[in-house]
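The values are calculated or read from the model by the stated rules, or taken from the named source; none is laboratory data. Remember, predicted model here, so these are calculated numbers, not experimental data. When we count neighbours, we look across all protein chains shown, and the Cβ atoms used for this are built from the backbone with ideal geometry, even at glycine.
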Amino acid sequence: MTAVAIDFGTSNTVVSIWEPDTQAPATLRFPSLSRLFRDGDDRDVAVVPSMVYVRDLDQMVVGEPVRSQRLGISQPKRFFRGFKRDLAADIRPPERTLDGQIYNAEAIAQQFLAEIWAAIQTLNIAPSVVILSVPVGAFERYLDWFQDAAIKLGLPEVKFVDESTAAALGYAVERPGSTVLVADFGGGTLDLSLVRTATLASDQTVLKAEVLAKADAYVGGEDIDRWIVERYLREMSMTREGIGEVGWQSLLAIAERLKIRLSQTSDTQAEVQESWLDEETFTAYDLRVQRSQFEQILEDQQLLEQFRQAIDDVLALGLRKGLQKSEIDQVLLVGGSCQIQAIQQLFNVYFGPQQVQVHKPFEAVAHGALVLTQVAGVEDYLRHGYSIRLWDPYTRSHTFFPLFEPGTTYPCR
């Protein structure tokens, strides 16, 4: 059996394969789509930027060429990013009409995954099973879209797993009996999963995993980029409309680079800057961010408070199942945005620095998802309840008939 996992991310996408010879996951690199990203362990990791540029009606550019050629800067109307996040958004950006064709989040995401699938086949890989990771929040919305996309793409057997649960499995599978909390903070969402693994009584070499608790927040690294730019524009007495869409996209790209540079240093006095050109007025400016300013932005936008709330929710759910915080063996921070020093410090305060580690920030989800082919089963549960809405003609009102309560073991029977 050949298994491939796709971690379709808001900012970057990672594809991995289970190597039968080494019995370990390996990240795939696509020459025409991938870029190399340096992780916290100074390893070069192949990721595909989740970007699409519509060149014309019959041609789309996907992945690294969009970023490296700065295609989104020159013609922002033809540039799409963050479309994965838009799939589950209550309020979506308006559809765009280009060359007489209508494009929305579903159409762009479908084309992006089609290019990924074609790239896998170009490497002469014929997967018998494809594992797709899905955010904890809005799981059902993503699940419906992924199932439909899989059919249209002609994928083989498809399995789904929560992103943070996948990362926990990837770490805990090598440590039977361990309890792991994973915080997956990427470009679009924050997901937390508390997972415990155990060996089967009948076979001590076979693992079973139990998901004890989950929590999420609809916030990600792309929000941080936007907050940096919005604060800068206020300080400069500028507006998004005044700098135009080209200027806005340029500043977002600069803000992301500055955020990464600040995340890679422990210097509390660090200051980073980069110049940009306002093409509306042909004036050059500097965007400068100090470490203290950056962390103040996170506090002002209540990002750290959202983290605290999500952590408290997970710990409370774990406590209901008899698990004390002291029984958590390891806390893993995954996702590119978890490299932010303030985020790491927050978890250190909660759990102690000896319990917290940044674990394969870009690969943990895709590698962990492949573990689904190696474990006997994953005992998960429903985060939300489900009911049928019925119309009562006598009272002329709706009533709800419950089908599954929150916390019901999943899959349900």
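All conditions but one from (1) within 19 Å of Leu252 (Cβ to Cβ); (2) surrounded by 15 or more Cβ atoms within 10 Å (Cβ to Cβ) apply to Ala270; the one that does not is (1). Screening the stretch 81-109 for residues that are part of a helix (DSSP H, G or I) and hydrophobic (A, V, I, L, M, F, W, C) and picking the one that is farthest from the chain's Cα centre (by Cα) gives Ala107.
Would you check if Leu304 is touching a residue at least 12 places away in the same chain (Cβ under 8 Å), of a type in the set (A, V, I, L, M, F, W, C) and farther than 30 Å from Val45 by Cα? No; evaluated as a whole, the condition is false for this residue. Scanning the stretch 267-288 for residues that are closer than 23 Å to Gly186 by Cα and in a helix (DSSP H, G or I) turns up nothing. Taken together, the residues in the stretch 316-332 that are under 13 Å from Leu192 (Cβ atoms) and of a type in the set (Asp, Glu) amount to 0. Any idea how many residues of the stretch 317-347 are in a helix (DSSP H, G or I) and in contact (Cβ under 8 Å) with a residue 12 or more places away in the chain? Here the count works out to 14.
Within the stretch 65-86, being surrounded by 20 or more Cβ atoms within 10 Å (Cβ to Cβ) and among the aliphatic types (A, V, I, L, M) holds for one residue alone: Val66. Candidates Gln341, Gln301: the one that is among the polar types (S, T, N, Q), surrounded by 13 or more Cβ atoms within 10 Å (Cβ to Cβ), within 24 Å of the chain's Cα centre (by Cα) and more than 25 Å from Ala167 (Cα to Cα) is Gln301. The single condition among (1) under 24 Å from the mean Cα position of the chain (by Cα); (2) part of a strand (DSSP E or B); (3) among the hydroxyl-bearing types (Ser, Thr, Tyr) that Tyr350 does not satisfy is (2). For the stretch 13-26, filtering for residues that are closer than 29 Å to Met60 by Cα and modelled with pLDDT under 95 leaves 1.
Could you check, for the stretch 73-88, whether at least one of its residues is more than 23 Å from Ala119 (Cα to Cα) and among the hydroxyl-bearing types (Ser, Thr, Tyr)? Yes, the stretch 73-88 contains at least one residue that is more than 23 Å from Ala119 (Cα to Cα) and among the hydroxyl-bearing types (Ser, Thr, Tyr). Take the residues of the stretch 137-161 that are of a type in the set (Asp, Glu) and either assigned by TED's automatic domain parsing to the domain that holds Gln330 or part of a helix (DSSP H, G or I) (or both): which is modelled with the lowest pLDDT? Among residues in the stretch 137-161 that are of a type in the set (Asp, Glu) and either assigned by TED's automatic domain parsing to the domain that holds Gln330 or part of a helix (DSSP H, G or I) (or both), the one modelled with the lowest pLDDT is Glu140. Taking only the stretch 34-55 into account, find how many residues are surrounded by 24 or more Cβ atoms within 10 Å (Cβ to Cβ) and touching a residue at least 60 places away in the same chain (Cβ under 8 Å). Of the residues in the stretch 34-55, 4 are surrounded by 24 or more Cβ atoms within 10 Å (Cβ to Cβ) and touching a residue at least 60 places away in the same chain (Cβ under 8 Å). In the stretch 1-33, which residues are in a loop (DSSP other than H, G, I, E, B) and of a type in the set (A, V, I, L, M)? Met1, Leu28, Leu33 - these are the residues of the stretch 1-33 that are in a loop (DSSP other than H, G, I, E, B) and of a type in the set (A, V, I, L, M). Which one is farthest from Tyr350 (Cα to Cα) among residues in the stretch 316-334 that are surrounded by fewer than 20 Cβ atoms within 10 Å (Cβ to Cβ) and not charged (D, E, K, R)? Filtering the stretch 316-334 for residues that are surrounded by fewer than 20 Cβ atoms within 10 Å (Cβ to Cβ) and not charged (D, E, K, R), the one farthest from Tyr350 (Cα to Cα) comes out as Gly322. Residues that are part of a loop (DSSP other than H, G, I, E, B), modelled with pLDDT of 75 or more and under 30 Å from Ala26 (Cα atoms) within the stretch 357-413 comprise His359, Lys360, Pro361, Phe362, Glu363, listed in sequence order. Among the residues here, Val54 qualifies as in a strand (DSSP E or B) and not small (Gly, Ala, Ser). Of all residues in the stretch 87-121, exactly one satisfies the criterion of being surrounded by fewer than 13 Cβ atoms within 10 Å (Cβ to Cβ) and within 19 Å of Phe8 (Cα to Cα), namely Gln121. In the stretch 27-75, what residues are at pLDDT below 90, out of contact with any strand residue (DSSP E or B) (no Cβ under 7 Å at 6 or more places or on another chain) and not hydroxyl-bearing (Ser, Thr, Tyr)? Within the stretch 27-75, Asp41, Asp42, Arg43, Asp56, Asp58, Gln59, Arg70, Ile73, Gln75 qualify.
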